[in-house]
Amino acid sequence: QVQLVESGGGLVQPGGSLRLSCAASGTIFSVTRMGWYRQAPGKQRELVAVITGGGSTNYADSVKGRFTISRDNAKNTVYLQMNSLKPEDTAVYYCNAETSPAWGGANYWGQGTQVTVSS
């Protein structure tokens, strides 16, 4: 199985920046894609950004041009650089990993990290 630990959340003013990190451990070789999701109070969890094993990326329309997902394979870590933050970005951000069908096609989640954008 895969264990995911997020970090880097906190309080930031509108227009500011934060960098979230997701450190993975366990059967890392089974992971085919990783992503960031977020959930605001009273709302459903939504996709923010995804990166595949080949490096392809996709973003939610609401964060395009402001957020960047990247990875460092040597450190088994995925990052989410968040710039020009808005109050509506306030949410708990979760790291997600998917494994290949050969490993069960399972989904794994981190514990979440709080991001609050407020003046």
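The values are calculated or read from the model by the stated rules, or taken from the named source; none is laboratory data. The structure displayed is predicted, hence computed values, not measured ones. Every residue, glycine among them, receives a Cβ derived from its backbone with ideal geometry; neighbour counts consider all protein chains shown. To get the accessible areas, we keep the full protein, side chains included, count just its heavy atoms, and leave off ligands, DNA and RNA. Shrake-Rupley method; radii C 1.70, N 1.55, O 1.52, S 1.80 Å.
Things worth noting here:
- Filter result (loosely packed, with under 15 Cβ neighbours inside 10 Å and either assigned to a loop (DSSP other than H, G, I, E, B) or small (G, A, S) (or both)) within the stretch 74-98: A74, N83, S84, K86
- The residues of the stretch 12-37 that are open to solvent by 40 Å² or more (accessible area, probe 1.4 Å), more than 11 Å from T113 (Cα to Cα) and part of a strand (DSSP E or B), listed by number, are R19, A23, S25, G26, T32, R33.
- Residue match in the stretch 58-79 (condition: closer than 23 Å to Q3 by Cβ and in contact with an Asp or Glu (Cβ under 9 Å, 6 or more places away or on another chain)): yes
- Among residues of the stretch 47-73 being under 14 Å from S21 (Cα atoms) and open to solvent by 60 Å² or more (accessible area, probe 1.4 Å), the one that is modelled with the lowest pLDDT is N73.
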